[in-house]
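Encoded as structure tokens, the structure appears first; notes follow it.
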Amino acid sequence: MAVSWRTVAAFAALVLIWGSAFSFIKVGLDYSPPVLFAGVRTLVGGFVLVAAASVWGGAPELKRTWPMLLVSALFNVILFIGLQTFAVEYLTSGLAAVLVYLQPILVGVMAWLWLAEPLSVPKVAGLLLGFAGVVAISAGSLNGGFSFAGILVGVLAALAWAAGTVYFKRVQARVSMLWFVAGSFMTGGVVLLLAGLAVEPWSGIEWTGAFLFSLFHTGVLGCSVAWMLWLWLVRAGEASRVSAYAFFVPLVSVILGALFLNEPVELSLLLGAACIVTGIYLVNRRPAKG
């Protein structure tokens, strides 16, 4: 993938949005049951995406693309966002981040199997080193909050995100990206909302200012803006190379906590940052010609 100022800006915006997402999901879950929160924030993002697609997306061509849209909605929205929400509620933020950010490793394997992307020794080493960096920076918040069900949910969320990313890369040339993402989020949001209404009380949502701000961040920014950036980047480069940059998200999350929440900066942060930067370099380095 060619590195331009637009690519750098997209990565920076994406990492900042998702780097603060775990905190805002935690805030939202203080005022809402988990499935309802996942459904409402996903639908908020979906409505924003539909509005954008109506202006800039051209013809939706849903009659031709709806089967692909449903697969994307299943993996990228219903399973990933639904399971991620449960992981954040039932695990410590550090453990949830470690499990969810298994995704780049899983993408590397899936892209090798289904997209014929190369899986070289440096790339494998880089993915493992990047994940080790995520573990290192999250080490301080790994204590407590362990449950087998929560760990299983976190791993399944990573699997769903990886599968959805690789699937989009496989079909992206056949779909209008704006309408594809908008349709995925609207479809997934409706399913999550109906599931939430079936098992959770609507009255369980407290429409406070903090909840509405969390909804704005996780819905408008975290779903609509961030996912458009993410899939645009995946479309432009190898899925495995792009996914490696996701290792920056937990790092930025810890840095934001240190800057704005006065959380301590430990040596493990520096070690983790070095592992992540080195890992991303190894994944994205091009083999020498000759």
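Readers should treat all values here as calculations from the given coordinates under stated rules, not as data from a laboratory. This structure is a prediction, so every number in the text was calculated from the model and none was measured. When we count neighbours, we look across all protein chains shown, and the Cβ atoms used for this are built from the backbone with ideal geometry, even at glycine.
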Worksheet item: What residue among ALA59, ALA239, ALA136 shows peak mean-square fluctuation when the chain is described by a Gaussian network model with Cα springs under 10 Å?
Response: ALA59
Worksheet item: If you build a Gaussian network model of the chain, linking Cα atoms that sit under 10 Å apart, which residue out of GLU117, GLU61, GLU200 swings the most?
Response: GLU61
Worksheet item: Counting alpha carbon pairs within less than 8 Å and at least 6 residues apart, what relative contact order, in whole percent, applies to the stretch 18-130?
Response: 30 percent
Practice prompt. Would you list the membrane-span-like helices of the chain, meaning whole DSSP H runs whose alpha-carbon atoms span at least 24 Å along their axis and whose mean Kyte-Doolittle value is at least -1.0?
Written response: 34-56, 121-138, 148-171, 177-199, 267-284
Practice prompt. Return the calculated 222 nm mean residue ellipticity for the chain, to the nearest 500 deg cm²/dmol, obtained by summing -39500 (n - 2.57) across DSSP H runs with n ≥ 4 and dividing by the residue count.
Written response: -23000 deg cm²/dmol
Practice prompt. Name the most mobile residue of ALA96, ALA51, ALA246, meaning the one with the largest mean-square fluctuation, in a Gaussian network model of the chain with Cα contacts below 10 Å.
Written response: ALA51
Fill in: Order of VAL175, VAL155 - criterion: other Cβ atoms within 10 Å of each residue's Cβ, fewest first
VAL155, VAL175
Item to complete: Find the percent of Cα-Cα distances in the stretch 216-290 that exceed 17 Å, and round it to a whole number.
Response: 60 percent
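Using only the alpha carbons of the stretch 5-284, what is the convex hull's orientation-averaged projected area in square nanometres? Could the numbers behind the result be given before it?
Details: hull surface 58.1 nm².
Mean projected area for the stretch 5-284: 14.5 nm², to one decimal.
Under the definition of Cα pairs under 8 Å and six or more residues apart, what whole-number percent is the relative contact order of the chain? Intermediate values should be presented prior to the final figure.
On the way: 433 pairs, mean separation 116.5, N = 290.
Over the chain, the number comes to 40 percent.
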Fill in: Extension gain from TYR281 to LEU128, taking 0.36 nm per residue of separation minus the Cα-Cα distance
53.9 nm
Item to complete: Pull out the extension gain between ASN262 and ALA59, defined as 0.36 nm times the separation in residues minus the alpha carbon to alpha carbon distance; nm, one decimal.
Response: 68.2 nm
Item to complete: Rounded to the nearest Å, what's the spacing between the alpha carbon centres of the stretch 243-267 and the stretch 157-225? Just the number, please.
Response: 24 Å
Item to complete: Output the direction-averaged projected area (hull surface divided by four) of the convex hull of the alpha-carbon atoms of the stretch 104-205, in nm².
Response: 9.7 nm²
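Taking other Cβ within 10 Å of each residue's Cβ, how do ARG170, ARG241, ARG286, ARG41 sort, fewest first? Mind dumping the intermediate values first?
Numbers: ARG170 16, ARG241 22, ARG286 5, ARG41 28.
The most exposed by this proxy come first: ARG286, ARG170, ARG241, ARG41.
When THR42, THR278 are ordered from fewest to most other Cβ atoms inside 10 Å of their Cβ, what list results?
Ordered by Cβ neighbours within 10 Å, fewest first: THR278, THR42.
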Practice prompt. Pop a pseudo-label 7 angstrom from the Cα along the beta-carbon direction at both THR7 and VAL121 and give the gap in nm to one decimal.
Written response: 2.6 nm
